[in-house]
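One structure is given here, and the rest of the page talks about it.
The values are calculated or read from the model by the stated rules, or taken from the named source; none is laboratory data. From a predicted model like this one, the values you see are computed outputs, not experimental measurements. Backbone-built Cβ (ideal geometry, glycine too); neighbour counts: all protein chains shown.
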Amino acid sequence: MTPPSSPEDPILRASAHTFRGGVAGLPVWIAASLCPVPLLAAIKSAPAQGQTAIPGASPAEPVPSIEDIAPPVDVFPYPPWIVGCAGLLLLVVLFLFLRWWRNQRPAPAPTISPRTVALEALARLGGQVETATPYAFSIAVSDVVRQFVEASTGVHAVRQTSVEFLESISHRLSGPERDLLSGFLERCDLIKFAQATASASDSRTLLSSAQSFVQGRVP
């Protein structure tokens with residue numbers, strides 16, 4: 001008599017796998033009535049489809065999981081003291097460059113006051129008293145005075161008539177200064193527009209009045 005097959009029998013285990021795949025969709029009581037007891041025991045102990053039985057391991061023993069490899073760790077390649085020295089050296093180089101750049105820039109031109117500019121122009125006209133005609137000299141000396149007033153006060157006096165010029169500047173002048181400027185402009189207008197007879201002496205008088213007004217020396 002052949003002894004009943006054990007569930008560990010390889011042939012019986014293979015049959016159990018095949019039978020289990022075929023009756024997987026049937027109720028348990030129907031599957032039990034269709035197979036013998038040894039085959040039913042093998043079905044219960046056989047692994048399900050998609051699983052692999054590990055030799056020598058019990059069915060309840062968990063399969064060890066495989067963990068992922070840890071990502072690489074970023075490590076700064078230079079020690080802190082090297083970084084600090086490099087930063088300090090960079091600051092020193094930047095300071096030296098800025099110092100050199102400032103020394104290379106041209107020095108700003110000295111500011112010349114309007115009074116100095118006017119006096120220098122009048123000094124140059126002084127050498128033309130004997131050579132320039134009184135008409136041309138009166139125009140030149142009048143322009144110097146108007147440019148001085150415009151640069152000093154901001155009043156646009158170059159294109160104004162003598163009357164407009166006096167009206168626009170009179171509130172900035174004292175009484176003697178206004179009288180000096182008024183007499184200077186009247187003599188210039190007589191020579192320029194009335195064609196009055198003038199000589200080098202008249203040119204010297206205009207020059208003296210212009211110098212006194214620019215210097216602020218009121219008689």
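Tell me the residue from PHE137, PHE213, PHE165 that is touching a Phe, Trp or Tyr at 6+ places or on another chain (Cβ under 7 Å) and under 30 Å from THR111 (Cβ atoms), please. Don't jump to the end; show me each part of the working.
Working: PHE137 fails: touching a Phe, Trp or Tyr at 6+ places or on another chain (Cβ under 7 Å); PHE165 fails: touching a Phe, Trp or Tyr at 6+ places or on another chain (Cβ under 7 Å).
None of the others qualify; the one that does is PHE213.
Taking the stated definitions as given, is SER209 closer than 20 Å to VAL117 by Cβ and at pLDDT 90 or above? Show your work before the answer.
Working: closer than 20 Å to VAL117 by Cβ: yes; at pLDDT 90 or above: yes.
In short, yes.
Within the group SER168, SER208, SER203, which residue is in contact with a Pro (Cβ under 9 Å, 6 or more places away or on another chain) and of a type outside the set (A, V, I, L, M)?
Working: SER168 fails: in contact with a Pro (Cβ under 9 Å, 6 or more places away or on another chain); SER208 fails: in contact with a Pro (Cβ under 9 Å, 6 or more places away or on another chain).
After ruling out the rest, the residue left standing is SER203.
Residues are listed down the side, and each one gets a yes or a no for (1) within 18 Å of GLU186 (Cα to Cα); (2) touching a residue at least 12 places away in the same chain (Cβ under 8 Å):
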site: ALA132; (1), (2): no, yes
site: TYR135; (1), (2): yes, yes
site: VAL141; (1), (2): yes, yes
site: ARG146; (1), (2): yes, yes
site: VAL149; (1), (2): yes, yes
site: THR153; (1), (2): no, yes
site: ARG159; (1), (2): yes, no
site: GLU164; (1), (2): yes, no
site: HIS171; (1), (2): no, no
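If I ask for residues that are surrounded by fewer than 19 Cβ atoms within 10 Å (Cβ to Cβ), part of a helix (DSSP H, G or I) and of a type in the set (A, V, I, L, M), which ones from the stretch 186-217 would you list?
LEU190, ALA200
Name the residues in the stretch 80-130 that are part of a loop (DSSP other than H, G, I, E, B), of a type in the set (Gly, Ala, Ser) and at pLDDT 85 or above, would you? Outline the logic, then answer.
First pass over the stretch 80-130, keeping only residues part of a loop (DSSP other than H, G, I, E, B): 105-113, 127-130.
With of a type in the set (Gly, Ala, Ser) added as a condition, the list becomes 107, 109, 113, 127.
Across the stretch 80-130, the qualifying residues are SER113, GLY127.
Residues are listed down the side, and each one gets a yes or a no for (1) closer than 18 Å to LEU122 by Cβ; (2) acidic (Asp, Glu); (3) touching a Leu at 6+ places or on another chain (Cβ under 7 Å):
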position: VAL144; (1), (2), (3): yes, no, yes
position: PHE148; (1), (2), (3): yes, no, no
position: SER152; (1), (2), (3): yes, no, no
position: THR161; (1), (2), (3): no, no, no
position: SER203; (1), (2), (3): yes, no, no
position: LEU206; (1), (2), (3): yes, no, no
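Have a look at PHE148, PHE165 and point out the one that is at pLDDT 90 or above, of a type outside the set (S, T, N, Q), assigned by TED's automatic domain parsing to the domain that holds CYS188 and part of a helix (DSSP H, G or I).
Working: PHE165 fails: at pLDDT 90 or above.
It is PHE148.
Could you tell me which numbered condition ASP179 fails, if it satisfies all but one of (1) over 55 Å from the mean Cα position of the chain (by Cα); (2) farther than 20 Å from PRO114 by Cα; (3) surrounded by 13 or more Cβ atoms within 10 Å (Cβ to Cβ); (4) in contact (Cβ under 8 Å) with a residue 12 or more places away in the chain?
(4)
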